[in-house]
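Let me begin by presenting the structure, written as C-alpha cells, before commenting on it.
The values are calculated or read from the model by the stated rules, or taken from the named source; none is laboratory data. Remember, predicted model here, so these are calculated numbers, not experimental data. Note that each Cβ is placed from the backbone with ideal geometry, even for glycine, and that neighbours are counted across all protein chains shown.
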Amino acid sequence: MADPRQAYGRCLRHPRHHTRPRPAVHRLPLPEGRCAVKIKGKDKFLAQITALPQAIRDEVAQALETSAEETTDLMRRFAPKRTGRLALSIGYGFGDAPAGSLNTTAANARAAKAESGLSVTMYAGSSEAYWARWNEFGTVKMAANPFFYPGFRFGKKRAKDRLSRAIRNGAKKAFGK
C-alpha cells in the first residue's frame, strides 16, 4: 500500500498549501510624475541620517581609547619586571607605533582604517627596551615569556563588546532616543 500521508494524491500535512491556488497579483503602472508614497518628516529623517556617521565615529573613538588603555594595562601587568623598562615601553596611540616596537596592527589594516582615524596601535618595546620581541617569542637559548599577545587576546572580547555598544549608542544619539 502507498504511504498513508500521500492519500488521494496530496499531502495530508499541508492540505491548504496543495489545494488552494495562489491569487494572481495585478499591478497597475503609476502615471508619469506621480509618487506612490509620501514621507512625513523627511527633512528631520535626512538630518538624522547625516548626523549618524559623526555620532558613531565619536562614540567609537572613545570606546577604542578606553579599550586600548585597558588592554595595555593588562599587558603591563603580564610583562616581566626585571628592570621595569619593558612595562613602561608598552603603550598605544592613534598613529604609527614607534620604530622597532612590537605592535598589533598589520600595515594593510592600518592603511584601510587610517582615513577614518579609527585605528589604534598598541605597541611594546622601544630603543630603551629593545628585548620585547625576545621576551614575547623567545630565542634559541631562552624560552618565551609572552606578555603582549596574551593581554591582547584577553582584552579583545571586551573591546568588541564595547565597540558594538558604542555603535548602538551612537545611532541612538543621532536619532535622539
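Residues satisfying the criterion are absent from segment 105-121 (criterion: surrounded by 18 or more Cβ atoms within 10 Å (Cβ to Cβ), closer than 22 Å to Ala61 by Cβ, touching a strand residue (DSSP E or B) at 6+ places or on another chain (Cβ under 8 Å) and modelled with pLDDT under 80). Total residues in segment 168-177 satisfying the condition of being surrounded by 15 or more Cβ atoms within 10 Å (Cβ to Cβ) and out of contact with any Leu (no Cβ under 8 Å at 6 or more places or on another chain): the figure is 2. Mind checking which residues of segment 84-101 are at pLDDT below 80, farther than 23 Å from Leu163 by Cβ and of a type outside the set (Gly, Ala, Ser)? Pro98 - this is the single residue of segment 84-101 that is at pLDDT below 80, farther than 23 Å from Leu163 by Cβ and of a type outside the set (Gly, Ala, Ser).
For segment 127-155, the tally of residues that are surrounded by fewer than 14 Cβ atoms within 10 Å (Cβ to Cβ) and within 15 Å of Ala68 (Cα to Cα) stands at 2. Of the residues Arg16, Arg57, Arg22, Arg77, the single one that is modelled with pLDDT of 75 or more and more than 30 Å from Phe137 (Cα to Cα) is Arg57.
Scanning segment 141-177 for residues that are under 15 Å from Asp58 (Cβ atoms) and charged (D, E, K, R) turns up Arg162, Arg165, Arg168, Lys172, Lys173.
Of the numbered criteria (1) at pLDDT below 90; (2) of a type outside the set (Phe, Trp, Tyr); (3) over 28 Å from the mean Cα position of the chain (by Cα), the one Val140 fails is (1). The number of residues in segment 65-93 that are aliphatic (A, V, I, L, M), farther than 12 Å from Gly155 by Cβ and under 26 Å from the mean Cα position of the chain (by Cα) comes to 1.
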